[in-house]
1. Order these peptides, 21-27, 95-101, 179-185, by their mean beta-carbon neighbour count within 10 angstrom, highest first.
2. Considering only I99, L79, A276, whose Cα is most displaced toward the positive end of the charge dipole of the chain, charges sitting on Cβ of Lys, Arg (+1) and Asp, Glu (-1)?
3. For A114 and V244, what does the FRET efficiency come to when R0 = 25 Å and r is the distance between their Cβ atoms, rounded to the nearest 0.05?
4. Once you have all Cα-Cα distances for the stretch 1-111, histogram them in 5 Å bins from zero and send the whole-percent values.
5. Taking Cα atoms, how many degrees apart are the long axis of helix 60-71 and the longest axis of the chain, rounded to 10 and kept between 0 and 90?
6. If you stretched the chain out fully between R192 and R35, how much longer would it get, using 0.36 nm times the residue separation minus the C-alpha to C-alpha distance?
7. Could you rank the peptides 167-173, 142-148 by their average count of other C-beta atoms within 10 Å per residue, with the highest value first?
8. How much length would be gained if the chain were fully extended between S84 and A67, taking 0.36 nm per residue of separation minus their Cα-Cα distance, in nm to one decimal?
Amino acid sequence: MKPGPSLMKHFLQFKDLRAEEYAYLLERTRIIKTRFKNYERYTPLVDRTLAMIFEKASTRTRVSFEAGMYQLGGSVVTLTTGDSQLGRSEPVEDTARVISRMCDVVMIRTYEQARIERFAAHSRVPVINGLTNEYHPCQILADVFTFIEHRGSIAGKVVAWVGDGNNMANTWLQAAEVLGFRLHVSTPEGYRADPAAAGVRDTGCFEVFDHPLEACRGAHLVTTDVWTSMGYEAENEERRKAFVDWCVDEEMMAVAQPDALFMHCLPAHRGEEVTAEVIDGPQSVVWDEAENRMHVQKALMEYLLLGRIG
Ligand code: CP
Ligand code: NVA
């Protein structure tokens, strides 16, 4: 049964869910992933349709949502700006009204957060943020699950963010506040994350470092992202100069905890934000991290459409 309007939840930013909902989702992810690995059929979303709207490029988000929805028994419709009326200026509000009469859940990758919020405000069905300029909550959900799989609880741990104050940094900040870990943030001057703008009120959940090496000191997880995110390509040359010292290398990993993990949401540029030695080295869990996008999103779609199971 579809959730009624009062029960309907969207996942537009990480803080849309509470810590106890994350505890539930992460446990459901573990169960759903184990079933998948054991080739056990699990199809609770038969006859449900996921609509995916891509206004920016994607590999992982598209494949993980599409494969995940089919595995759950549902089906998928994919639109891009170029092949839909969105590219011919149909208002996002009208698009939301129409798609949400035909589909049961919508995933959107777009530019401004305000655009997905406008869509959600006019949608009859749950809307999931598949990346905006401001946030990438599905990725951080996968990253947290991956950390827990490898190292246990993330509460009280230190995560080092080295690089751009972008959608990933903002979402890590929200996750630190919701899940109770500490984020060390080091970005070049001029590319700082703004915790208040990211909706983070607890100033105790993060610390800002001028030097990336200092941010990594003692960290349980070191993570980074591209110097130039999608939509900012015009700044590419000036960013290449500004970010040159924000490359995660073996020296940075050496000052982190001896068993520190390395993560990157991908796609990566070896020799820019991370060296090949680190991303292809023994502390890197980037392939588990990518795979886990699918498992966490299956749990997320199950939760948004069916509520708690059992
Ligand atoms: N990490 C991530 O969202 O990858 P894609 O851009 O390939 O979807
Ligand atoms: N920050 C990057 C993440 C890509 C998955 C971007 O927005 O392009």
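The values are calculated or read from the model by the stated rules, or taken from the named source; none is laboratory data. Computed from a predicted structure; not experimentally measured. Here the Cβ positions follow ideal geometry from the backbone for every residue, glycine too, while neighbour counts run over all protein chains shown. Calculation scope for accessible area: heavy atoms of the full protein, side chains included, ligands and nucleic acids excluded. Shrake-Rupley method; radii C 1.70, N 1.55, O 1.52, S 1.80 Å.
1. Per-residue Cβ counts within 10 Å, averaged per peptide and sorted highest first, yield 179-185, 95-101, 21-27.
2. I99
3. 0.15
4. Computed distribution, short to long bins: 2, 9, 16, 21, 22, 16, 8, 4, 1, 0.
5. Computed tilt is about 40 degrees.
6. 52.4 nm
7. Most protected by this proxy first, the peptides run 167-173, 142-148.
8. That pair, S84 and A67, stretches by 3.9 nm at full extension.
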